[in-house]
Amino acid sequence: EAGVTQSPTHLIKTRGQQATLRCSPISGHTSVYWYQQALGLGLQFLLWYDEGEERNRGNFPPRFSGRQFPNYSSELNVNALELEDSALYLCASSSVGGAETQYFGPGTRLLVL
Amino acid sequence: SQQGEEDPQALSIQEGENATMNCSYKTSINNLQWYRQNSGRGLVHLILIRSNEREKHSGRLRVTLDTSKKSSSLLITASRAADTASYFCATDAGSNYQLIWGAGTKLIIKP
């Protein structure tokens with residue numbers, strides 16, 4: 001069974017640009033979560049999608065947005081990039097929405113110059 | 001905000017020794033989970049313990065939960081170099097069933 005996949009693995013952008021990160025969940029999982037992890041720190045919850053709907057959102061500005069497609073894959077968009085957006089962005093999926101076991105992808109490392 | 005707080009922040013031990021990490025939280029929970037992260041990669045789920053359970057084992061891992069003290073501990077016995085990683089606890093105390101994550105314990109196993 002394939003795990004959670006994320007693309008790209010690395011992304012380099014400049015301030016003010018937009019970044020698009022992609023995630024494919026484990027087959028059969030309908031919930032997708034996005035987290036931001038700054039270097040050496042813990043996970044900050046960004047977004048939770050389930051069955052195509054945004055179910056919950058963390059304390060991030062509106063320039064962080066996303067969507068979930070009918071095949072349950074998901075996209076995270078970050079507009080007007082700032083230097084402090086440089087981080088590892090992790091996607092996770094679960095078969096049951098909410099606070100049950102989450103399965104993580106390898107992450108996308110975003111560097112904003 | 002991060003509810004779970006791991007203790008210690010960093011731990012360095014010799015291979016073969018046991019490693020114990022602790023997690024404290026503030027509000028009541030239904031479950032608590034432990035995850036491992038190797039060198040800035042994705043997290044791997046280790047164990048989920050529910051609020052009505054006191055102890056759970058998985059291989060060399062033992063997790064305890066004390067709901068009266070709002071704390072959990074993760075014990076790794078007979079540590080190996082491959083156990084070098086950051087370990088995070090997560091509770092289900094967030095709004096709308098969101099997982100709340102601690103800042104992690106960085107474990108280094110010296111050969």
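I'm trying to understand the selection: among the residues of the stretch B:29-60, which are in a strand (DSSP E or B), more than 10 Å from every other protein chain (Cβ to nearest Cβ) and more than 10 Å from the chain's Cα centre (by Cα)?
B:Ile49, B:Arg50, B:Glu55, B:Lys56, B:His57, B:Ser58
In the list B:Ala82, B:Ala93, B:Ala78, which residue meets the criterion of being within 10 Å of chain A (Cβ to nearest Cβ), open to solvent by 30 Å² or more (accessible area, probe 1.4 Å) and not in a strand (DSSP E or B)?
Details: B:Ala82 fails: within 10 Å of chain A (Cβ to nearest Cβ); B:Ala78 fails: within 10 Å of chain A (Cβ to nearest Cβ).
Step by step, each of B:Ala82, B:Ala93, B:Ala78 is checked, and only B:Ala93 is within 10 Å of chain A (Cβ to nearest Cβ), open to solvent by 30 Å² or more (accessible area, probe 1.4 Å) and not in a strand (DSSP E or B).
Looking at (1) assigned to a strand (DSSP E or B); (2) free of Cβ contacts under 8 Å to residues at least 40 places away in the same chain; (3) under 30 Å from B:Arg50 (Cβ atoms), which is the only condition A:Ser65 fails?
That leaves (3) as the condition not met.
Looking at A:Leu46, A:Leu83, which is the one that is under 27 Å from B:Lys106 (Cβ atoms) and open to solvent by 20 Å² or more (accessible area, probe 1.4 Å)? Don't jump to the end; show me each part of the working.
Details: A:Leu46 fails: open to solvent by 20 Å² or more (accessible area, probe 1.4 Å).
After ruling out the rest, the residue left standing is A:Leu83.
Can you tell me which residues in the stretch B:1-28 are modelled with pLDDT of 90 or more, assigned to a loop (DSSP other than H, G, I, E, B) and open to solvent by less than 20 Å² (accessible area, probe 1.4 Å)?
Across the stretch B:1-28, the qualifying residue is only B:Tyr25.
The rows are residues; the columns are (1) within 10 Å of chain B (Cβ to nearest Cβ); (2) under 17 Å from A:Cys23 (Cβ atoms); (3) within 13 Å of the chain's Cα centre (by Cα).
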residue: A:Ser74; (1), (2), (3): no, yes, yes
residue: A:Asn79; (1), (2), (3): no, no, no
residue: A:Glu82; (1), (2), (3): no, no, no
residue: A:Ser86; (1), (2), (3): no, no, no
residue: A:Leu90; (1), (2), (3): yes, yes, yes
residue: A:Phe104; (1), (2), (3): yes, yes, yes
residue: A:Gly107; (1), (2), (3): yes, yes, yes
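The values are calculated or read from the model by the stated rules, or taken from the named source; none is laboratory data. Everything numeric here is computed off the predicted structure, so don't read it as measured data. Positions of Cβ are generated from backbone atoms using ideal geometry, with glycine treated the same way; all protein chains shown enter the neighbour counts. Areas reflect the complete protein model, heavy atoms only, side chains present, ligands, DNA and RNA absent. Shrake-Rupley method; radii C 1.70, N 1.55, O 1.52, S 1.80 Å.
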